[in-house]
Amino acid sequence: MSLYIGREASKLWKRICAETTTEINLLAENWKYLFAGIIFQYIHGLAARGVHYLHRPGPILQDVGFFLLPELGQDKAYISETVFTFIFLSFALWSFHPFIFKSKKIYTVLVWCRVLAFLVACQILRIITFYSTQLPGPNYHCREGSKLATLPRPQSVFEVLLLNFPRGVIYGCGDLIFSSHMIFSLVFVRTYQKYGTQRFIKQCAWLILVVQSLLIVASRKHYTVDVVVAWYTVNLVVFFIDHKLPEMPDRTGGLALLLPLSKDTRTKEEFHKLVNGNPGDPLAQRLRSPRSPVNGKIVDDANSVHADKVMNGV
């Protein structure tokens, strides 16, 4: 038993090392895209921080979702954030699964390049939208009477650039249309829908996404329009950009050339050569040569000699 466990542990370690080498090579080629995507996440946070200075609290706007969904209350507002955290961590862990599991369909670096491209495009539209019109925030800390509803004039530029993280991010106001939580969640779910393999998980992911949409409205973090606009905007943006980007190589096919060849891979290649034959192999040429007609019937060359002997009475 201990020998078996040690053998499996050795295989897992070799798999992790091989995968790490592959991903490092991909990272060296694509680090500019990843770096630009990560920097834009900071720019998006900076824009959300800036619109908070422009936010003015006021009466909550009339909203259909507020009438249909009961208010969770300030003490239960964490439920929505918990669901979002679950979606985020689940996708992050799945994106690194090729390092451990044998069934590999994606490259981690390439997946995150696509995800960041989707996020950046959606966040650009979001910044333009919430700077166009500032709505009175429906969240508890954004309502009239709250000290956090309007930020005082910054004392220094560093107060703005540092975003007052994480408090400034959690207690932001004014960046409403459209929901940032829905941007991340929809991008993650759509990416798994395309590259994931478990049908049951895909169905559960869409169901959780619907639940999260309802929880965002019920916790009064966004108006219903913020969630509705996110649903069709993010889907359209991802659909458009996904068709413009070059398709990611499928590792289950014959394009997994970025991985180093292992002993098992060479064995499979030799087996295919043995079955299909090499171009210069006489045996392979005989097996692939046209079949000869005998007495109006098509027979293989391997059997034609036997047929000639029977016809000549041999």
**Message:** Report every pair of residues separated by at least 6 positions or lying on different chains whose Cβ atoms are under 6 Å apart, first residue within segment 9-29 and in contact (Cβ under 8 Å) with a residue 12 or more places away in the chain, second polar (S, T, N, Q).
**Reply:** E23/T108
**Message:** If S156 meets every condition in (1) modelled with pLDDT under 85; (2) of a type in the set (G, A, S); (3) within 13 Å of F84 (Cβ to Cβ) apart from one, which number is that one?
**Reply:** (3)
**Asked** Within segment 37-57, how many residues turn out to be open to solvent by 40 Å² or more (accessible area, probe 1.4 Å) and more than 17 Å from Y171 (Cα to Cα)?
**Response** 4
**Request:** Starting from residues that are in a helix (DSSP H, G or I) and charged (D, E, K, R), keep the ones in segment 83-134 and report whichever is surrounded by the fewest Cβ atoms within 10 Å (Cβ to Cβ).
**Result:** R114
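How about segment 196-211: which of its residues are open to solvent by less than 20 Å² (accessible area, probe 1.4 Å) and either charged (D, E, K, R) or part of a helix (DSSP H, G or I) (or both)?
Let us first name the residues in segment 196-211 that are open to solvent by less than 20 Å² (accessible area, probe 1.4 Å), namely 196, 209.
Listed by number, the list holds a single entry, L209.
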**Asked** Only one of F86, F99 is under 14 Å from T22 (Cβ atoms) and either over 17 Å from the mean Cα position of the chain (by Cα) or of a type in the set (F, W, Y) (or both); which?
**Response** F99
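Assess whether W13 counts as being at pLDDT below 90, assigned to a helix (DSSP H, G or I), open to solvent by 50 Å² or more (accessible area, probe 1.4 Å) and of a type in the set (A, V, I, L, M, F, W, C).
Details: at pLDDT below 90: yes; assigned to a helix (DSSP H, G or I): yes; open to solvent by 50 Å² or more (accessible area, probe 1.4 Å): yes; of a type in the set (A, V, I, L, M, F, W, C): yes.
Criteria met by W13.
For segment 63-82, name all the residues that are more than 24 Å from the chain's Cα centre (by Cα) and either among the acidic types (D, E) or open to solvent by 40 Å² or more (accessible area, probe 1.4 Å) (or both).
Within segment 63-82, the first condition is being more than 24 Å from the chain's Cα centre (by Cα), and the residues that meet it are 63-78.
Within segment 63-82, D63, V64, F67, L68, L69, P70, E71, L72, Q74, D75, K76, Y78 meet the criteria.
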**Close pairs (8 angstrom Cβ cut-off, 6 or more residues apart or separate chains): closer than 12 Å to K221 by Cβ in segment 135-157, part of a helix (DSSP H, G or I) and hydrophobic (A, V, I, L, M, F, W, C) anywhere** = P138/F66
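Say whether the condition of being within 26 Å of T224 (Cβ to Cβ), crowded, with 20+ Cβ neighbours inside 10 Å, free of Cβ contacts under 8 Å to residues at least 60 places away in the same chain and aliphatic (A, V, I, L, M) is met by at least one residue in segment 158-180. Quick ask: steps written out before the conclusion?
Just the residues of segment 158-180 that are within 26 Å of T224 (Cβ to Cβ), to begin with: 168-180.
Filter once more, so that each one left must be crowded, with 20+ Cβ neighbours inside 10 Å: 172-180.
Adding the requirement that they be free of Cβ contacts under 8 Å to residues at least 60 places away in the same chain leaves 176-179.
Applying the additional criterion that residues be aliphatic (A, V, I, L, M) yields 176-177.
Yes, because at least one residue in segment 158-180 is within 26 Å of T224 (Cβ to Cβ), crowded, with 20+ Cβ neighbours inside 10 Å, free of Cβ contacts under 8 Å to residues at least 60 places away in the same chain and aliphatic (A, V, I, L, M).
Can you confirm whether segment 140-150 contains a residue that is touching an Asp or Glu at 6+ places or on another chain (Cβ under 9 Å), among the hydrophobic types (A, V, I, L, M, F, W, C) and closer than 20 Å to Q74 by Cβ? Even if it seems obvious, please write down each step before you answer.
Our first condition is that a residue be touching an Asp or Glu at 6+ places or on another chain (Cβ under 9 Å); within segment 140-150, this holds for none.
Scanning segment 140-150 turns up no residue that is touching an Asp or Glu at 6+ places or on another chain (Cβ under 9 Å), among the hydrophobic types (A, V, I, L, M, F, W, C) and closer than 20 Å to Q74 by Cβ.
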**Request:** Would you mind stating whether L214 is open to solvent by 70 Å² or more (accessible area, probe 1.4 Å) and either within 29 Å of D175 (Cα to Cα) or among the aromatic types (F, W, Y) (or both)?
**Result:** yes
**Request:** Report, ordered by the first and then the second residue, all pairs with beta carbons closer than 9 Å, sequence separation of six or more or different chains, a first member in segment 73-84 that is closer than 14 Å to L209 by Cβ, and a second member that is at pLDDT 90 or above and open to solvent by 60 Å² or more (accessible area, probe 1.4 Å).
**Result:** V83/V211
**Message:** Among the listed residues L110, L186, identify the single one that is modelled with pLDDT of 95 or more, closer than 29 Å to P246 by Cβ and of a type outside the set (K, R).
**Reply:** L186
**Prompt:** Out of curiosity, is I60 in contact (Cβ under 8 Å) with a residue 60 or more places away in the chain, aliphatic (A, V, I, L, M), open to solvent by 20 Å² or more (accessible area, probe 1.4 Å) and part of a helix (DSSP H, G or I)?
**Reply:** no
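The values are calculated or read from the model by the stated rules, or taken from the named source; none is laboratory data. Predicted model only: the values in this text are computed from it and were never measured. Backbone-built Cβ (ideal geometry, glycine too); neighbour counts: all protein chains shown. Accessible surface is based on the protein model in full, side chains and every heavy atom, while ligands, DNA and RNA are left aside. Shrake-Rupley method; radii C 1.70, N 1.55, O 1.52, S 1.80 Å.
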